[in-house]
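Everything on this sheet refers to the single structure shown next.
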Amino acid sequence: MNKIFQLTLILALLCTACSPNRSAFTFGTKPDTKTDASVSAVKLVEQLQSRTDTALVTVTLTKGRYDFYPDSAFTREYYISNHDQDNPKKVAFALENLKNVTIDGQGSELIFHGRMIPFALVNCENVTLKNFSVDFEIPAFRQLNVLKVDAEKNEMLAEIYPKGHHRIDDNKLFAVGEGYENPLFMAMAFRADKRLTYVRRDVGFNPATIAEQSPDTLLLSGWEQIPLSSPDERFALRSWHRPTPGIFVSLSKNTILNNVKVHYSEGMALLAQMSENITLDGFSVCLRGDDDPRYFTTQADATHFSACKGVIISKNGLYEGMADDAINVHGTYLRATKRVSDNTLQARYMHPQAWGFLWGEPGDSVQFVESEKMELAGDAFITTIQSIKAVDKPTEFGAKEFEITFADALPQEISETGKFGIENLTWTPEVIFSDNIVRNNRARGALFSTPKRVICENNLFDHTHGTAILLCGDCNGWFETGACKDVIIRNNKFINALTATYQFTNAVISIYPEIPNLKDQQKFFHSGIVIENNTFDMFDRPLVYAKSTDGLVFRNNTITHNTEFEPFHWNTHPFFFEKVTNVSIENNTFAEAFKFDKQTSIKTEFSEENAVIIK
């Protein structure tokens, strides 16, 4: 052997062996074989957990298709925010207690079967997932492609997708999945161009009769949607069930999702809770392209962040076809249920889909809110947690109720005799949501409920069915914290958002905390909101709605008008304000067809004179 070649080979081998980013672990399943890749996923995780060093390791998958089945996957008990708390759950990649790991799919398609969580990252640090897509062979949705409509007979002929995975029982339609069944009683109605239909939202699926005229072709009659429908429309049929997210992140730090696409999940595409610093770059919840027969993607939100901290960065993503929002960022209020002593309360999770996971730790800063007026209690009293323990479980795992001792004596008003929520201020993040496309989805585009800085910029909101951006806060129904204090919405483009109405959707941008007793509220909830340099292409009138807000600037925006749809919204005012102050509308450009008039285009209630200034 040539000595120079020998030396080169030895040096190459030494460099490979010493590299801190070497690919020391391989994925055992060959692609494109439909072999059960769950077996290899379990082995891989066990190998990663057994390593004794914490050097960065990259696992690469040979590009191709991999199929994962639940029977040989991990079985886990997880309590996942804003999901059904049914356990146990099957998990393909249960990435737990790992540090400095990258999984690179190199463009692979990961196809999952049955009901399972594709990826769970629990108690991990510096874990990166990149370059792969997630999909399910048989989704829990069913889609009707309208072939023919007879309005006089109130009959519809429709083809069902996917074929061969349904049954009819007593004129009720069920999705037959791999190992489960799903009742179908709600629908999302889509036009042929994959936009949700004008005005028709949350359609009940309740035909009087359903019959299979031929294999996978259904004849429906006696349904109120039939006279409204036309050939080539689609109905995405579903239930409210949301058992499993696509990617679950909990108690983790410095998580990166890079160039990951989720085409379907039976819950959120991504649910992150009690985690710090999450970056999404090119993370998308999307169809498989223009020729994808599906019109739907996820059963719920594309991305959802519950009680996280640090910085959440979401950029360069495509979000479409979801049955809920593109992003939702919030914490969770506990309701005070018993005043044990001056320093101690018992408090509990209230929403049926949000309980069982860690809520707070000693040293966390907290504040209290009176739920009816959504005012901070005790003159904005803030204290820290001295100790916290579960009341109904041995630990916080699976618990609904806690006993919390605080470092300071509580104001006398805070007790079970009123309605008081507890907000954890430590677990609140900064958010950067930029350079994303949000389109053709149900409900709302982006939701932000955090007191830390939010920057929402350079995004395209294209035909979101409801409000494009919502700033909320609710200690009465969803129990999702909290007040926004520093929000910048700039350089975005909004195209015909709000073609239907949903909860909290009073305008294209809706600043809507849930306040049952607004009339008696003395302290404002939201503050510090700037909306600037955006373009709004509108067919209707509602532009900005704000409630209980101190400090709102709407400036240097361009508002154009189109006639794609007939105006329909009950709110006919471009600006509708309820209990606001320090609002400034300045240097905006309104198309002549929009017919902006200072006297009639602004409606103000429960506000002092000169609360709104127009320049």
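Tabulated data
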| read-out | value |
| --- | --- |
| Cβ-Cβ FRET estimate between D71 and R288, R0 fixed at 45 Å, reported to 0.05 | 0.95 |
| Additional length obtainable on full extension of the chain from T426 to E181, 0.36 nm per residue less Cα span | 84.1 nm |
| Spin-label pair T337/Q49, simplified geometry with 7 Å Cα→Cβ offset, distance in nm | 3.2 |
| Residue pairs, from the table K63/K163; K43/K393; K253/K493; K34/K99; K519/K603, whose Cα atoms sit over 21 Å apart | K63/K163; K43/K393; K253/K493; K34/K99 |
| Set of the stretch 176-195 residues, backbone N closer than 15 Å to the point 7 Å along the Cα-Cβ line of N562 | 193-195 |
| Kirkwood hydrodynamic radius over Cα pairs of the stretch 190-250, then Stokes diffusion coefficient at 25 °C and 0.890 mPa s, in µm²/s | 173 |
| Exposure rank, largest accessible area first [D32, D379; 1.4 Å] | D379, D32 |
| Net length gained if the chain between K493 and T35 were fully extended (0.36 nm per residue, minus Cα distance) | 160.4 nm |
| Computed label-point distance, nm, for sites N458 and T535 using a 7 Å Cα→Cβ extension | 1.6 |
| By average C-beta atoms within 10 angstrom, highest first, the peptides 445-455, 212-222 | 445-455, 212-222 |
| Distance (nanometres) between label positions extended 7 Å along Cα→Cβ at T589 and T572 | 2.9 |
| Proximal charge balance of A399 [Cβ under 11 Å; K/R count +1, D/E count -1] | 0 |
| Exposure ranking of K253, K519 by accessible area [1.4 Å probe, largest first] | K519, K253 |
| Cut-off under 5 Å, modelled amide H: who pairs with L196 long-range | R191 |
| By accessible area with a 1.4 Å probe, ligands and nucleic acids excluded, highest first: order of K63, K547 | K63, K547 |
| Placed amide H near F590: partners under 5 Å, 5+ positions off or other chain | I559 |
| Cα pair distances of the chain binned at 10 Å [whole percent] | 3, 16, 24, 25, 19, 9, 3, 1, 0, 0 |
| Separation of alpha-carbon centers, the stretch 110-161 and the stretch 236-277, rounded to whole Å | 14 |
| For I614, residues with placed amide H under 5 Å, excluding near neighbours | I585 |
| Estimated vicinal HN-Hα couplings, Hz - the stretch 472-486 in sequence order (Karplus 6.51, -1.76, 1.60; Gly, Pro = x) | 10, x, 8, 10, 10, x, 7, 6, 9, 6, x, 6, 8, 10, 7 |
| Calculated FRET efficiency for the pair T344/N517, C-beta based, R₀ 30 Å, to 0.05 | 0.60 |
| CD proxy at 222 nm, helix term only [per DSSP H run n ≥ 4: -39500 (n - 2.57); per residue of the chain; nearest 500] | -1500 deg cm²/dmol |
| Accessible area (Å², 1.4 Å probe, nearest 10) - I313 | 50 |
| S415/S365 FRET efficiency (R0 30 Å; Cβ-Cβ; nearest 0.05) | 0.90 |
| In sequence order, calculated HN-Hα J values of the stretch 181-198 (Karplus, 6.51, -1.76, 1.60; Hz; x Gly/Pro) | 10, 10, x, 10, 9, 10, 8, 9, 9, 10, 6, 4, 8, 6, 8, 5, 5, 4 |
| Cut-off 14 Å, label 7 Å out along Cα→Cβ of T384, residues of the stretch 331-362 by amide N | 361-362 |
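The values are calculated or read from the model by the stated rules, or taken from the named source; none is laboratory data. Since this is a predicted model, take the numbers as computed values, not measurements. Using ideal geometry, Cβ is built from the backbone for each residue, glycine included, and neighbour counts are taken over all protein chains shown. Accessible surface areas use protein heavy atoms only, side chains included; no ligands, DNA or RNA. Shrake-Rupley method; radii C 1.70, N 1.55, O 1.52, S 1.80 Å.
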